[in-house]
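Take a look at the structure set out below.
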Amino acid sequence: MDDKRRIRVLAAKPGLDGHDRGIKVIANALMDAGMEVIYTGLRQSPEQIVEAAIQEDVDVIVLSILSGAHDFLFPRIMELLRGKGVNDVLVIGGGIIPDEDIPSLKEIGIAEIFGPGTYTDDIVRYIKGNLKR
Amino acid sequence: MFDGKKIGDIEERYRKWADKLEPKLARRPERKADFINTSGIPIKRVYTPLDVADFDYMRELGLPGEYPFTRGVQPTMYRGRLWTMRQYAGFATAEDTNRRYRFLLEQGQTGLSVAFDLPTQIGYDSDHPLAQGEVGKVGVAIDSLKDMEILFDQIPLDKVSTSMTINAPAAVLLAMYIAVAKRQDVSSKQLRGTIQNDILKEYSARGTYIFPPQPSMRIITDIFSFCSREVPQWNTISISGYHIREAGSTAVQEVAFTLADGIAYVEAAISAGLDVDEFAPRLSFFFNAHLDFFEEIAKFRAARRLWAKIMQERFKAKDSRSMMMRFHTQTAGCTLTAQQPKNNIVRVAFQALSAVLGGTQSLHTNSMDEAFCLPSEEAVQIALRTQQLIGYESGATDTVDPLGGSYYIEELTREILDRAQNYIDKIDELGGAAAAIEKGFIQREIQDSAYRYQREIEKDERVVVGVNRFQVEEESAKDLLRVDPAVRLSQMQRLKTLRLERDNGRVKAILSELRRAAEGNENLMPVILDAVRAYATLGEICDALRDVFGEYQAVSTIGG
């Protein structure tokens, strides 16, 4: 990617849960690390998230969900991204996601899952080291 | 509390003590340069009568059960009756949750607390497209009175009290509860319980709003007014700081933003023509019990004293019950760690004890596994046992407000109260809680505190046992309680059958009647009751109200 361009991140809350403490903390940390962050706000459908990611031309999508609906919503988002031919965006997720669900989420293209207790610095480092474009 | 001569003696002695300590501290400093609690209040090395020398006992503390209720709302507190042990529970279908309730009641729980799934909380039926993936996940799915009948099957509603965490559609769920009770031959006048019904904190911290503030406040005052006549023992609102704290606020902010919301509800009800003493005795509160043990105890006491003063001085309440802050407490979910989850049992125990020493009326203790899943039966039993250990074994319940008079606790109580009052003044300047939320002020304050807290952990200024200190290699948790995605399909099937069997003409007529009522200003509760009895679904009722009221659009508080 162009060195002068700042990393653009879509911070998204799919589904209906209102727990946005984590995503807001991460959004703040990514901004402090020099990234440009677009936060979707609550209750975004997979269609809205994919639409926003394309329109905003982001390098990274950060998904946060704490309701347990990741098993439906994450695959749906990945499916829509593929359908639109978006293959060069780094997608990572976090929230309350049981360890046993992680392998199948990685299989569908979620690059990494960050659980409770994760340091924001680790997420910053991960994003910088794993951009796809 | 002390005479001038004695205070002088103490002051002199204190100075000598401090002087003697100086050289020792130079050689061996304390663990930290500054001791500061989550609210940013500096903590002194030791507290003495000097800190409370100007304290007016009768004005600031009084006796238990008397204004300003600092020491508790009842004269005998837990010597008379322990707090209500009330575990928040709900998942999957009404059948599954009914089984969990009966288990909890058999284990000695004394009240029910219903967790609804997110579609229910946002007024969508289980077959709504946005409900995909969410049905039955964080609570029980309730689509119609049919589900509610199953939820309370064989649970005598004249005997148990039930708390329902429901906000935007609170009127609908309360109507369903009244209708179920009627089928059990229990009159609405006998019903005891609480609906959360606190929309302001949904906008600022929790996120399950539907309608914009103005019509939402109207529904809330309709409920106040209806219940004062028809459901007189019901707590019509639970003004909640819990979620504000979970979203990252400090203890002071929790008190301030919660009481500011409380002020907004009282003002709305008075503007709607209600008399303060008619509805204020049924207002209840809900707080968080977080990590800093003494800060939390002082917070509960400060909140009680501040509310009493607000009700007496600002709203001129006459009935002492209007000034009495009764509250539920839940231990802080956000402090639980996914790492070494058994440590959570101990965290919860300290937090629960702080709530008891702070004089709570009811308590939910979190289960150790809540950082990664819904509580298992074993985990919820330990959580309930924690309350029973405090109640029956610890002796903490044998006298009222055992920490009252502690120099530290009294000074901290006063400090929290003063700082919360400053915030409330600021919110008043912004035009009250609703305006402060519309301007994003409260959300920004909360998210800044959350970020600060996280940075403190990452910079090792704040120790989280098992996370940034004392870590171990561990295996991931197994056998988690999970909700079967088929729950949505069974709810959808039930809805299909319902729509075939009910009198659809009647449902249609009542829903248009509801739209008409919403456009005017009559009380909405009676027509909502008619609608649920005709088996109109939650989604249909909320859609009728959406048609008239519209939906809330959140303000963004991230970035420029």
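The values are calculated or read from the model by the stated rules, or taken from the named source; none is laboratory data. Bear in mind the structure is a predicted one, so any value in this text is a computation, not a measurement. All Cβ positions, glycine included, derive from the backbone under ideal geometry; neighbour counts span all protein chains shown.
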Q: Would you be able to say whether some residue in the stretch B:359-374 is in a helix (DSSP H, G or I), under 25 Å from residue B:161 (Cβ atoms) and assigned by TED's automatic domain parsing to the domain that holds residue B:74?
A: no
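Taking residue B:446, is it surrounded by 18 or more Cβ atoms within 10 Å (Cβ to Cβ), among the hydrophobic types (A, V, I, L, M, F, W, C), within 14 Å of chain A (Cβ to nearest Cβ) and outside any loop (DSSP other than H, G, I, E, B)?
Working: surrounded by 18 or more Cβ atoms within 10 Å (Cβ to Cβ): yes; among the hydrophobic types (A, V, I, L, M, F, W, C): yes; within 14 Å of chain A (Cβ to nearest Cβ): yes; outside any loop (DSSP other than H, G, I, E, B): yes.
The answer is yes for residue B:446.
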Q: From (1) in a helix (DSSP H, G or I); (2) among the hydrophobic types (A, V, I, L, M, F, W, C); (3) under 31 Å from the mean Cα position of the chain (by Cα), pick out the condition that doesn't hold for residue B:73.
A: (1)
Q.
Exactly one of these conditions fails for residue B:536: (1) away from every other protein chain (no Cβ under 14 Å); (2) assigned to a helix (DSSP H, G or I); (3) aliphatic (A, V, I, L, M). Give me its number.
A. (2)
(Q) Condition first: in contact (Cβ under 8 Å) with a residue 24 or more places away in the chain and more than 11 Å from every other protein chain (Cβ to nearest Cβ). Now tell me which residues in the stretch A:88-122 satisfy that. (A) A:88, A:89, A:90, A:91, A:92, A:93, A:94, A:105, A:108, A:109, A:110
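State yes or no: is residue B:97 within 14 Å of chain A (Cβ to nearest Cβ), in a helix (DSSP H, G or I) and surrounded by 22 or more Cβ atoms within 10 Å (Cβ to Cβ)?
Answer is no for this residue.
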Q | In the stretch B:100-127, residue nearest to residue B:482 (Cα to Cα) [restricted to those that are assigned to a loop (DSSP other than H, G, I, E, B) and within 10 Å of chain A (Cβ to nearest Cβ)] | A | B:117
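Here is a yes/no grid of residues against (1) within 14 Å of residue A:93 (Cβ to Cβ); (2) touching a helix residue (DSSP H, G or I) at 6+ places or on another chain (Cβ under 8 Å); (3) more than 9 Å from every other protein chain (Cβ to nearest Cβ):
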| site | (1), (2), (3) |
| --- | --- |
| A:12 | yes, yes, yes |
| A:17 | yes, yes, no |
| A:20 | no, no, no |
| A:24 | no, yes, no |
| A:37 | no, yes, no |
| A:42 | no, no, no |
| A:52 | no, no, yes |
| A:57 | no, no, yes |
| A:62 | yes, yes, yes |
**Q.** Among the candidates B:265, B:242, residue that is within 14 Å of chain A (Cβ to nearest Cβ), crowded, with 23+ Cβ neighbours inside 10 Å and of a type outside the set (D, E, K, R)
**A.** B:242
**Q.** Top-ranked residue in the stretch B:137-170 [being surrounded by fewer than 22 Cβ atoms within 10 Å (Cβ to Cβ) and out of contact with any helix residue (DSSP H, G or I) (no Cβ under 9 Å at 6 or more places or on another chain); ranked as nearest to residue A:17 (Cα to Cα)]
**A.** B:161
Q) Can you tell me which of B:494, B:488 is within 14 Å of another protein chain (Cβ to nearest Cβ) and either of a type in the set (Lys, Arg) or free of Cβ contacts under 8 Å to residues at least 60 places away in the same chain (or both)? A) B:488
Q) Among the residues of the stretch B:402-410, is there at least one that is under 30 Å from residue B:380 (Cβ atoms), more than 13 Å from chain A (Cβ to nearest Cβ) and modelled with pLDDT of 95 or more? A) yes
